[in-house]
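Notes to accompany the following structure.
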Amino acid sequence: MVLKLNQSEFEVDRDKSKCISCQVCVRQCSNDVHEYDEDDGNILSENSKCVGCHRCETLCPTGSIKIKQRESEFKRNANWTPEHLKNIYKQAQTGGVVLTGMGCDKPYPVYWDHILFNASQVTNPSIDPLREPMEIRTFIGRKPDKLTMSSFTEPGSNKVSYKSNLSPQLKLSVPILFSAMSYGSISLNAVKSLAMAASEFGTFYNTGEGGLHRDLKAYTANTIVQVASGRFGVDKEYLNSGAAVEIKIGQGAKPGIGGHLPGEKVNYDVSNTRMIPEGSDAISPAPHHDIYSIEDLSQLIYALKEATEYKKPVGVKVSAVHNVAPIASGIVRAGADFISIDGFRGGTGAAPQVIRDNVGIPIELALAAVDMRLREEGIRHKVSIIVAGSIRSSADVIKAIALGADAVYIGTAALVALGCHVCQKCYTSKCNWGIATQDPYLTKRLNPEIGTRKLLNLLTAWSHEIKEMLGGAGINAIESLRGNREHLRGLGLNEKELSILGIKHAGEAW
Amino acid sequence: MKKIFIKEEYCIGCRLCEIYCQVKHSKSKKILKAFKDETDMLSRVMVEEIGHNSFAIQCRHCEDAPCVEACISGAMLKNKNSGIVTCSEDKCVGCWMCIMACPYGVIRRDLSSRKVASKCDLCGDEEYPVCVRNCPNEALQFKDI
């Protein structure tokens, strides 16, 4: 007898008085939850197959479907929680690693939610961003140690120029970029949406380790090309087509381990883009086998700079781990123009659950530690810091910048804008929203024109909010906020947390 | 004139266009009432599907409409101003010559009361046809030729 040890996570609550048996739910569910019974004209739903993606609920024309959490009636136990039990049942049956998608969902403290932003009252005027200029343009890249200005070229002329050689910079119209998500892990329509939105808004998207699809060559001016341990899709043309190059060492969701795109997802197009045989597993090793030290990293950075003739910033992405501050210091000294730090809440297409939920540190603490360390060493200006790992709102963006970031990467937030409901089943390749899948029946559900519009709306809305918050604090340029921790106060944090974050507790004046 | 354009690469085969078309051409115009109480609901837009390829097709309102040519009772008419081809149901005698003549197969037999030909009227009284307005993926577009 087959024991059914894994109970349903969700329940499809169908209001029979509203259901018109139109079968939209049947046609839209890739998990085959709903089934139309031709004999009696009713639709039956199999709860155990439901992943909680809400596709059917969103498209039901009469609103008859509601997806509800289905609590299992385990004997209450604060230690042996249903999650532990279910994972053990699953593993006892399969002998495998429990896989999951998206970022860590455990109730660890979210420091963003314990940090409050400042505003002006009486002694310093606030600024109305709708009436006065507000600068949120951001430049990513190495800044010079000092700026030497040339004297006025002609008497009476007000033209000033500088003599210092500037390193290549990325110009962002907003301090937000789209995170590295490869074509393969997400659909081409999803990547196209990101590329088109980045190009139109004046920011950047990142190829992940997926290579550059031929359809995306029109957006290369807004592309950061990634070089990761598998080196998929990397050649001289690829490196030179992007606006910047990013070396991926680690990912917040799975620090220390590599990636694995199963052969089923490597279709003709993915195989061409990644430059690997069709149907073969795309395995990214855990380490770069040519990088075992900061000196090795420096070699790769300069190899990439040589390949791109020193015309493009070269950055390094690492996950936030315990030793992140000294590692960041090493990365700056190795010659990187920007560092991307990915916190432990960062998303993924697939990761072992045990790694996602237990490895790494929060981005807030990592960012504060890195910014502090680089300042103490006098090398903060040599590098731009981009942080990632669950930036959920414009408030998180502004707090990150006040903690010392130059810009932020948004991945999950961008996918949510495209329709993602964070069901965490990316690794199944059955994404009903047409995002984390290569199934042609599902990928067409994401119309890149609609996707682009939604992403542009999100960036526009966040820009407005950032300007409002800056104006409220009496600041008219995002530059003036960077690393300005006096604008932040902690709430409900202990002394140690406050000292790592480098902020005062709420109630303490200047 | 404005016509409906089909972007088959974004048709997801949900058939919401068919559902809203049926409601629009029902007696009550209310989705629950129409589907629960009315019989023989007929959509004037049809989703064609083979594998993952699908598209919704409705009357193309042809310039030189063969159905108008074929109509023996003068029920099928093309409005000279709007360009919309409509079937005047009180004149239709149900000979189905229009169905024989239509190159797109988008005219159907409405057998619910009198036998008449049923086809897309571009929702003449609406700014956008309901199939276009309710397509969740913008696979149908209503625009000038």
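Packing, as the average of other Cβ atoms within 10 Å across residues, places the peptides A:28-35, A:386-393 in the order A:386-393, A:28-35, highest first.
For a footprinting-style exposure proxy, rank A:E246, B:E63 by other Cβ within 10 Å, fewest first. Walk me through the numbers before you get to the answer.
Numbers: A:E246 28, B:E63 9.
Exposure proxy ranking, most exposed first: B:E63, A:E246.
Computed FRET efficiency, Cβ-Cβ of A:K146 and A:D215, R0 56 Å: what is it to the nearest 0.05? List each step's numbers first, then the result.
On the way: r = 44 Å, r/R0 = 0.79.
Taking R0 as 56 Å, the efficiency between A:K146 and A:D215 is 0.80.
The distance between label points at A:E11 and B:R133 comes to 3.7 nm (points 7 Å beyond Cα on the Cα→Cβ vector).
The C-alpha radius of gyration of the range A:211-255, expressed as a fraction of 2.2 N^0.38 Å, stands at 1.19.
Which length gain, in nm to one decimal place, applies between A:V354 and A:M275 when the Cα-Cα distance is subtracted from 0.36 nm times their residue separation? It would help to have the intermediate numbers written out before the result.
Numbers: separation 79, 0.36 × 79 = 28.44 nm, distance 3.14 nm.
Once the chain is fully extended between A:V354 and A:M275, it gains 25.3 nm.
Using the average count of surrounding beta-carbon atoms within 10 Å as a protection proxy, the listed peptides A:492-504, A:80-92, B:124-136, A:176-188 rank, highest first, as A:176-188, B:124-136, A:492-504, A:80-92. Among residues other than B:K7 with Cβ under 12 Å from its Cβ, the summed charge is -2 (Lys and Arg +1, Asp and Glu -1). Other protein chain C-beta atoms within 10 Å of residue C-beta, averaged over A:276-283: 0. The modelled label-to-label distance for the pair A:K106/B:R114, using points 7 Å beyond Cα in the direction of Cβ, is 7.3 nm.
Between A:S167 and A:E309, what is 0.36 nm times their sequence separation minus the Cα-Cα distance? Round to one decimal in nm. All intermediate terms of the calculation are to be shown ahead of the outcome.
On the way: separation 142, 0.36 × 142 = 51.12 nm, distance 1.19 nm.
Roughly 49.9 nm would be gained on extension.
Once the C-beta distance of A:A78 and B:V93 is scaled by a Förster radius of 51 Å, the resulting FRET efficiency is 0.10 to the nearest 0.05. Ignoring everything except DSSP H segments at least 4 long, calculate the 222 nm mean residue ellipticity for chain A; use -39,500 (n - 2.57) per segment, divide by total residues, nearest 500. That comes out to -8500 deg cm²/dmol.
Counting only DSSP beta bridges with both residues in chain A, the antiparallel share comes to about 40 percent.
Going from the residue with the fewest nearby Cβ atoms within 10 Å to the one with the most, B:H25, A:H289 rank A:H289, B:H25. Distance between the C-alpha centres of the range A:157-233 and the range A:304-331: 16 Å, rounded to the whole angstrom. Provide the FRET efficiency to the nearest 0.05 for the A:E376-A:L498 pair, computing r from the beta carbons and using R0 = 25 Å. Efficiency for this residue pair is about 0.90.
Can you list which of the DSSP-assigned H helices in chain A have a Cα extent of 24 Å or more along the long axis and an average Kyte-Doolittle score of at least -1.0? Please report the intermediate quantities before stating the final value.
Details: long enough: A:448-472 (35 Å, -0.15).
Sorted by number, the helices that extend far enough and score high enough are A:448-472.
Mean per-residue shielding of peptide A:435-446 is 3, counting Cβ atoms of other chains within 10 Å of each Cβ. Mean sequence separation of contacting Cα pairs (under 8 Å, at least six apart), scaled by the length of chain A, corresponds to a relative contact order of 19 percent.
Which links in A:K49/A:K254; A:K171/A:K454; B:K115/B:K143; A:K454/B:K3 stretch past 31 Å when you go from one Cα to the other? Exceeds cut-off: B:K115/B:K143.
Counting Lys +1, Arg +1, Asp -1, Glu -1, what net charge surrounds A:G230 among other residues with beta carbon under 15 Å of its beta carbon? It works out to a net charge of +1.
Taking neighbour Cβ counts within 10 Å as the exposure measure, how do A:D215, A:D396 sort from fewest upward? Mind dumping the intermediate values first?
Working: A:D215 15, A:D396 23.
Sorted ascending by nearby Cβ count, the order is A:D215, A:D396.
Seen from A:N189, the other residues with C-beta closer than 9 Å to its C-beta sum to a net charge of +3, counting Lys and Arg as +1 and Asp and Glu as -1. Multiplying the residue separation of B:E8 and B:N79 by 0.36 nm and subtracting their alpha-carbon distance yields 22.7 nm.
Every number in this text was worked out from the coordinates using simple rules, so none of it is lab data. The structure displayed is predicted, hence computed values, not measured ones. Glycine also receives a Cβ, built like all others from the backbone with ideal geometry; neighbour counts cover every protein chain displayed.
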